[in-house]
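Working notes for the structure below.
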Amino acid sequence: MMHDFKTLLVTHEGPVLTVQLNCPETGNAISGEILDELLAVLGALDDEAGIRVLVLSGAGEDFCLGGDRAEFPALLAEDPSGVGLRALGNKARRVCEALASTDAVTIARLHGGVVGAGVGLAVFCDLRVGADTCRFRLPELGLGVPPAWGGIMPRLLHEAGAARIRELILTADNFDAATAQELSILHKVVPEDQLDGAVTRWIKPLVRRSPSALRTAKLMLNAYANANRLADASLFDAELLSSALTAAASARR
């Protein structure tokens, strides 16, 4: 597993791989470069013998403050038709799918701000623990774009329920860690100085599990979670996001 990344800090200790978003100066905003590096890590993960657990965290004051909005106008300037934006959206989807489908159990370790795409990365992890001071938000409508990033909509609806997610998306209100736990966006809430301990308590039994049994259990959980979805409209997320941003840019011009 490569450890030399520009936007990630990746460490490997026995059966545990820790991946830290390492752009604290931007609040770990998700750029194309971060997505490329996450894809490199996740793409190699199942070929790494012995890795049972992946822990995803963020450096600095926040886990992730959302997508890198400074990148959108740059991509539109390069190609006003939105091809670059669609490519970015498809990368996001591939990252989220990889988090959900990898053989390793994925754990999100959350602190500070968890916003937009940050919520997306978190909910595609199998287990999620957050500091009691976490602040969450789904701000897309307030920014004039649809909530179309990485296939987040069906995942949120399944994990948290349609009624509450509808409220959070339409109002773009902030919500706290207690609310996130009530909605099952978080499994556990602890004081920030106890986050590592909470992650370790999950890791200890997981690394003792049979690799084949763990892999099969994840496959079953994912299969049953998707059993009632006749079609996956989130396949259009990249197109929807690109179309919305392209139209907004045209209107400004």
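Scanning region 152-163 for residues being charged (D, E, K, R) and either free of Cβ contacts under 8 Å to residues at least 12 places away in the same chain or crowded, with 17+ Cβ neighbours inside 10 Å (or both) gives a total of 1.
Of all residues in region 203-212, those that are open to solvent by less than 80 Å² (accessible area, probe 1.4 Å), in a helix (DSSP H, G or I) and without any contact (Cβ under 8 Å) to a residue 40 or more places away in the chain total 2. Determine whether residue 22 is more than 18 Å from residue 203 (Cβ to Cβ), of a type outside the set (A, V, I, L, M, F, W, C) and open to solvent by less than 50 Å² (accessible area, probe 1.4 Å). When the stated conditions are applied, residue 22 does not pass them.
Note on region 164-202: residues that are open to solvent by less than 70 Å² (accessible area, probe 1.4 Å), part of a helix (DSSP H, G or I) and farther than 25 Å from residue 13 by Cα total 8. Does region 141-150 contain any residue that is in contact with a strand residue (DSSP E or B) (Cβ under 7 Å, 6 or more places away or on another chain) and either in contact (Cβ under 8 Å) with a residue 40 or more places away in the chain or buried (at least 23 other Cβ atoms within 10 Å of the Cβ) (or both)? Within region 141-150, one or more residues are in contact with a strand residue (DSSP E or B) (Cβ under 7 Å, 6 or more places away or on another chain) and either in contact (Cβ under 8 Å) with a residue 40 or more places away in the chain or buried (at least 23 other Cβ atoms within 10 Å of the Cβ) (or both). Residue count for region 90-127, restricted to those that are closer than 20 Å to residue 200 by Cα, among the small types (Gly, Ala, Ser) and within 10 Å of the chain's Cα centre (by Cα): 2.
Suppose the filter is more than 18 Å from the chain's Cα centre (by Cα) and assigned to a helix (DSSP H, G or I); does residue 157 pass it? Answer is no for this residue.
In region 12-35, which residues are assigned to a strand (DSSP E or B) and either farther than 22 Å from residue 114 by Cα or not polar (S, T, N, Q) (or both)? Walk me through it before giving the result.
Residues of region 12-35 assigned to a strand (DSSP E or B): 12-13, 16-21, 30.
Within region 12-35, 12, 13, 16, 17, 19, 21, 30 qualify.
Given 36, 46, 79, which one is farther than 24 Å from residue 141 by Cβ and either surrounded by 23 or more Cβ atoms within 10 Å (Cβ to Cβ) or without any contact (Cβ under 8 Å) to a residue 24 or more places away in the chain (or both)?
On the way: 36 fails: either surrounded by 23 or more Cβ atoms within 10 Å (Cβ to Cβ) or without any contact (Cβ under 8 Å) to a residue 24 or more places away in the chain (or both); 46 fails: either surrounded by 23 or more Cβ atoms within 10 Å (Cβ to Cβ) or without any contact (Cβ under 8 Å) to a residue 24 or more places away in the chain (or both).
None of the others qualify; the one that does is 79.
When restricted to residues that are under 19 Å from residue 67 (Cβ atoms) and either open to solvent by less than 10 Å² (accessible area, probe 1.4 Å) or of a type in the set (Val, Ile, Thr) (or both), region 123-137 contains 4.
Report yes if residue 37 is touching a Phe, Trp or Tyr at 6+ places or on another chain (Cβ under 6 Å) and charged (D, E, K, R), otherwise no. So that I can check it myself, show each step before the final result.
Working: touching a Phe, Trp or Tyr at 6+ places or on another chain (Cβ under 6 Å): yes; charged (D, E, K, R): yes.
The answer is yes for residue 37.
Here is the figure for region 213-231: residues that are surrounded by 11 or more Cβ atoms within 10 Å (Cβ to Cβ) and either at pLDDT 60 or above or among the polar types (S, T, N, Q) (or both) total 10. Taking region 5-20 as the range and being without any contact (Cβ under 8 Å) to a residue 60 or more places away in the chain and of a type in the set (A, V, I, L, M) as the test, the residues that pass are 8, 9, 10, 19.
Residue-wise test of (1) among the acidic types (Asp, Glu); (2) at pLDDT below 95; (3) surrounded by 18 or more Cβ atoms within 10 Å (Cβ to Cβ).
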| site | (1), (2), (3) |
| --- | --- |
| 6 | no, no, no |
| 10 | no, no, yes |
| 30 | no, no, yes |
| 51 | no, yes, yes |
| 56 | no, no, yes |
| 62 | yes, no, yes |
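For region 82-110, taking the residues that are without any contact (Cβ under 8 Å) to a residue 60 or more places away in the chain and in a strand (DSSP E or B), the one that is farthest from residue 24 (Cα to Cα) is identified as 106. From the list 9, 38, the lone residue that is part of a helix (DSSP H, G or I) and closer than 28 Å to residue 86 by Cα is 38.
The values are calculated or read from the model by the stated rules, or taken from the named source; none is laboratory data. Keep in mind that this is a model prediction, so the values were computed, not measured. Every residue, glycine among them, receives a Cβ derived from its backbone with ideal geometry; neighbour counts consider all protein chains shown. Ligands, DNA and RNA are stripped out before the accessible areas are found, and what is left, the full protein with its side chains, is counted by its heavy atoms. Shrake-Rupley method; radii C 1.70, N 1.55, O 1.52, S 1.80 Å.
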